[in-house]
1. So for VAL67, VAL96, VAL192, fewest C-beta neighbours within 10 Å to most, what's the order?
2. When the chain is treated as a GNM, springs tying every alpha-carbon pair under 10 Å, which of LEU73, LEU177, LEU39 comes out with the largest mean-square fluctuation?
3. If amide H atoms are built 1.01 Å from N in the plane of the peptide, which residues on other chains or at least 5 residues away come under 5 Å of the amide H of GLY127?
4. What is the gain in length, in nm to one decimal, between GLU176 and ILE66 on full extension, counting 0.36 nm per residue of separation less the C-alpha to C-alpha distance?
5. To the nearest 0.05, how large is the calculated FRET efficiency for LEU73 and GLU49 if R₀ is 25 Å and r is the Cβ-Cβ distance?
6. Can you pull out the GluC sites (Glu not before Pro) in segment 67-171 that DSSP calls coil and that have at most 13 other Cβ atoms within 10 Å?
7. ³J(HN,Hα) across segment 187-195 via Karplus (A = 6.51, B = -1.76, C = 1.60, θ = phi - 60°), whole Hz, x for Gly/Pro?
8. Most mobile of ALA159, ALA102, ALA111 per a Gaussian network model of the chain (Cα springs, under 10 Å)?
Amino acid sequence: MKKLKVHERCLLKCWGKEMDVLEAIKSRRSIRKFRKESLPPKTVREILEAGRWAPSARNSQPWRFIVIRDEELKRRIAEATSAGKFLADASIGVAVVVNPKATRHPVEDGANATMNMLLAAHSMGLGACWIGSYGSPYEEEVKQLLEVPRDWLLISIIALGYPAEKPESSRIELKELVYVDRFGSKERLEEVAGFNA
Ligand SMILES: Cc1cc2nc3c(=O)[nH]c(=O)nc-3n(C[C@H](O)[C@H](O)[C@H](O)COP(=O)(O)O)c2cc1C
């Protein structure tokens, strides 16, 4: 039988079991504590593949993914951030950088690739956390450390590794978030979305 490519296997999985995707979305948590184990290259590749298959405006794919594996570099980048010090203990980091000249929606494109990788990591039993970087006071410093061209954007750094914690999280109730037809209206919510405010 023909050997299926990674994205073909993913499509088959998704078509067969949509619930898996929903389950991954709901059970993913930001992981900031990691076990001291390194990730196999095959695993890292699968996560990067998930980033590659993210949607982007006009399929511009304006991103590059920088795998941060050098311990000293990882530590220096962790130090440069304000809320990403835990990167130092992650197995690797992945910086998502975007060329704003290649797309009209650089931030959204980079965010999509980031989110795909967070979900892929979670679905494979790994832990990951988005370290906010775009527009941060340390964006330029981290870009310099990674030798990113000046006009490119650093959208995110993902800390990645085997999880050493099981944090909880919460969300605002759906009924607080949803309107029908116009801002503020909760009329016919039951009919449209199957729940009441
Ligand atoms: C754009 C963005 C930036 C974030 N930056 C950081 C960060 O710098 N440090 C951090 O610890 N978590 C960061 N997070 C993770 C959020 O704190 C986390 O997603 C949120 O608290 C919800 O928790 P959960 O992901 O476990 O559900 C960021 C998330 C996003 C989407």
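Where a number appears in this text, it was derived from the coordinates with a stated rule and is not lab data. For clarity, every value in this text was computed on a predicted model and none was experimentally measured. Here Cβ is always computed from backbone atoms with ideal geometry, including for glycine, and neighbour counts include all displayed protein chains.
1. On the way: VAL67 17, VAL96 26, VAL192 12.
With the sparsest Cβ surroundings first, the list reads VAL192, VAL67, VAL96.
2. LEU177
3. For GLY127, whose amide H was placed from the backbone, the distant partners under 5 Å are GLY161, TYR162.
4. On the way: separation 110, 0.36 × 110 = 39.60 nm, distance 3.83 nm.
Contour length minus Cα-Cα distance gives 35.8 nm.
5. On the way: r = 24 Å, r/R0 = 0.94.
Plugging the Cβ-Cβ distance into 1/(1 + (r/R0)^6) gives 0.60.
6. GLU147, GLU165, GLU168
7. Listing the rounded values in order: 5, 6, 4, 4, 5, 7, 10, x, 8 Hz.
8. Of ALA159, ALA102, ALA111, the most mobile in the Gaussian network model is ALA102.
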